[in-house]
Amino acid sequence: MEKILEKRSLQSWMKKLDSWTIYAPRKDGSERWNYGIAQNDSVGLNFTVTTLPAKALVFPQREVFLEFLKTVEESQETLKVNEVIPGKNPVVIFGVRPCDARAVSLLDRVFSGDFVDPYYWARRKQTVLVGLACDTPPWENCFCLSTEGSPHSEEGLDVLLTDLGDKYFVKTLTENGEKLVNLAKGLFKEPRLEDKKKAKAVHAEAEKKIVRRVKRAKKDLAAKLKGLFDSPLWDDESMSCIRCGICTYLCPSCHCFDINDEVDSVSPLRGKRVRTWDNCQFPDFTMHSSGHNPRPDKASRLRQRLFHKFQYFVEIYDKTMCTGCGRCISLCPVGIDIINVLDKVSDHGS
Amino acid sequence: MAKIEDLKEEARKLLREGKIKYVIGYAAGTNGWMASPIFIKKPEDVEKLVWDPTCVHNLSRFLVDEKRRKEREKQPDKRPVGIFVKGCDSRAIVVLLQEKFIDRNDVYILGISCEKGGVVDEHKLARKLEGKKPKKIELGDKGQLVVTTANRKAEFPVEELLAERCLECRANFPVISDIMSGEKIKRTVEKPFGSVEKMERMPKEERWRFWKEQLDKCIRCYACRSVCPMCYCDECVVDSINLAVSADTTAEEKADKVKWIQRSAESSENFVYHFVRAIHLAGRCIDCGECERACPLDIPVRFLNKKLEREAKELFGYEVGFDPAQPSLVSSFRDDDPEDFIR
């Protein structure tokens, strides 16, 4: 359904959702936006883009899988294992950019299929995403139009808000989204024809403002990449890479993880099995216990990042594992620009 | 303002004569206003080099990569690499030489003086421009910064846009170089540790709260470590593999390795990471500020290093990165070194 919400009523809407934990973008003492739990202070949606994507809330950087305790009584060893599945904690995330929501729908694919991830889904099923269409690209390196997305894409969202000046054009996209709106029925009005027109105009205008594009489209690019696995291109393009984890940790769709046992006490043996984000740009990501590393240099690691996103993922899911948010470009400390690299791939040998 | 035409000519000549492998310099970035590092192998590409207050990176970090590359190669090309350095960056090279990590013959140093300028701070710039995108940033002839956006040209006093570390810099020009451009002049710095002093004036509890809040934000992307020319250890204690393994390492040895730090980005682990790093940089950090600039979450890591820089100066009269022949802080002692902190 489509509705209109006055901006000054946003706060009242959030208050009606008291059985949810509400996250919204906020500035925490620094210049950057990040999601925080909205309290009774005035949370508006006048943010640009959060440094950490919504991914961090549905797939947290650290997640406990199980707790273990080994006790010895009269030389009898007992091992207690307690699986930890996230409990009931319904969450609404306000202010999700369309690219980040599309990325969550990619994560949904990854954590389903043959291996349904119970930890991910326990959280995901109780998370409602309220998106905000971009009226102007939040970053100068946004390129969602090149990744089958748009500044007003609805994929992965439950509700999409479009800023019409003093009000939001509200479009519910799922049952969960409708539920949120129905809980505060009195705050929403029926849209007039001109509101609908204006929302469409905002969307069209926003698309025009996105200047960056990738030359080749999905299938074409994937095919081209496949032939360039052994190209010297990767050596050249990765020269300035410093092997930090910014491009991947802050990517809304990167999802690699590591599992470790964190031992709190040796006697009695007590600890937790923990999943944490991992990162293909770290040299130890592929390090074998023999000491051999099949991806020994920056070139092979940069190639892996691009191949995973634009080749392997396309083969498996017919989607690029990139939604064009531009974080990896804008936040790379040495200016490695994925669009440029992809275009060099496109131009290679032609 | 230093002009790099002479340096470009020199770089072109060196490449043409095959005296250097490649040149590490700055080129216009494609992702925004900031310059990007560039690696130039052909003399005709020298034209791409730029020099302005957006050349923030400390390129000496790439000398660490070069060393590793040479170690990996069966028949390494041992020619030096050319490298563009500012004052701060040159001090990093001094430390690498002092620690014998690199040899003086490994580098051909093309120095540029910042004179009374320095490099631009991203957030200061964003605040000034209120959403407008800068197209060009230059140091004006009156020592001001000239910022060109799509529809206007604005001038600002350097203090309003330069990175804090530039405002506390004591080496505006390279302390070591093979060829240098620009004048050996300095801006007067009244309080080289002003920012640390401000931090120290905070009451203890407040300071604790501040650092806890800041370090809790850390996602351990290790950009601060990765961008640092001094963080060149083969094995870093915080990596999930921090035990050198060989074909003879037994399964027991691997299982029994001490895990100093967990991967979880939690308070305790983040404190361990940042403090271990700060201690390892004591008497080595030359305050290029790259760690803080690279941090995607704006954690003010530079303060930790700056604090230790001051301790080294006050306790041992040690100033880092000016003399490659000077013994390093942690590997030397003098009879009159203070020891009243030993209890």
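Throughout, read-outs are computed from the coordinates displayed, never taken from laboratory work. Note that the structure is predicted; figures quoted are calculated from it, not measured. So basically every Cβ, Gly included, is an ideal-geometry build from the backbone, and we count neighbours across all protein chains shown.
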Square roots of five times the C-alpha gyration tensor eigenvalues of chain B, ordered largest first and given in whole Å, equal 32, 27, 21
Evaluate the distance, in nm, between pseudo-label points positioned 7 Å from the Cα of B:S331 and of B:T188 along their respective Cα→Cβ axes.
4.0 nm
Which of the pairs A:K55/A:K171; B:K186/B:K306; B:K74/B:K307; A:K16/A:K125 have their Cα atoms more than 31 Å apart in this structure?
B:K74/B:K307
For the pairs A:K27/A:K198; A:K219/A:K344; A:K3/A:K197, flag any whose C-alpha to C-alpha distance is greater than 21 Å.
A:K27/A:K198
Gain in length, B:F210 to B:V276, computed as 0.36 nm per residue apart minus the alpha-carbon separation, to one decimal in nm?
21.9 nm
Neighbours of B:L139 by Cβ distance under 12 Å: Lys/Arg at +1, Asp/Glu at -1, summed charge 0
Using 7 Å Cα-to-Cβ label points, what is the B:E71/B:S267 separation (nm, one decimal)?
3.8 nm
Determine the gain in length on full extension of the stretch B:R104-B:E200; use 0.36 nm per residue of separation and subtract their C-alpha separation, reporting nm with one decimal.
30.7 nm
Calculate the FRET efficiency for A:A184 and B:V237 from the Cβ-Cβ distance with a Förster distance of 45 Å, rounded to the nearest 0.05.
0.30
How far apart, in nm, are the 7 Å Cα→Cβ label points at B:E311 and A:S19?
5.4 nm
For chain A, built as a Gaussian network whose Cα springs stay under 10 Å, the top-fluctuating residue of A:V81, A:V92, A:V128
A:V81
To the nearest 0.05, the calculated FRET efficiency linking A:I37 and A:D347 through their beta-carbon distance, R0 being 60 Å, is 0.80
In nanometres, the difference between 0.36 nm per residue of separation and the alpha-carbon distance of B:E130 and B:D178 is 13.2 nm
Could you go through segment A:250-255 in sequence order and give the Karplus-derived ³J(HN,Hα) for each residue, using 6.51 cos²θ - 1.76 cosθ + 1.60 with θ = phi - 60°, rounded to whole Hz, and x for Gly and Pro?
8, 6, x, 10, 5, 9
Using alpha carbons only, how many angstrom separate the centre of segment B:205-241 from the centre of segment A:80-123?
28 Å
How high is the FRET efficiency from A:A217 to A:K196, r the C-beta distance, R0 22 Å, rounded to 0.05?
0.10
Treating segment A:2-347 as a set of equal point scatterers at the Cα positions, no solvent, please give the Debye-formula log₁₀ I(q)/I(0) at q = 0.13, 0.15 Å⁻¹.
-1.06, -1.31
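Would you please report the Å³ per residue occupied by the convex hull of the alpha carbon atoms in the protein assembly as shown? Walk me through the numbers on the way to the answer.
On the way: hull volume 141.7 nm³, N = 693.
Considering the Cα atoms of the protein assembly as shown, their hull volume per residue is 204 Å³.
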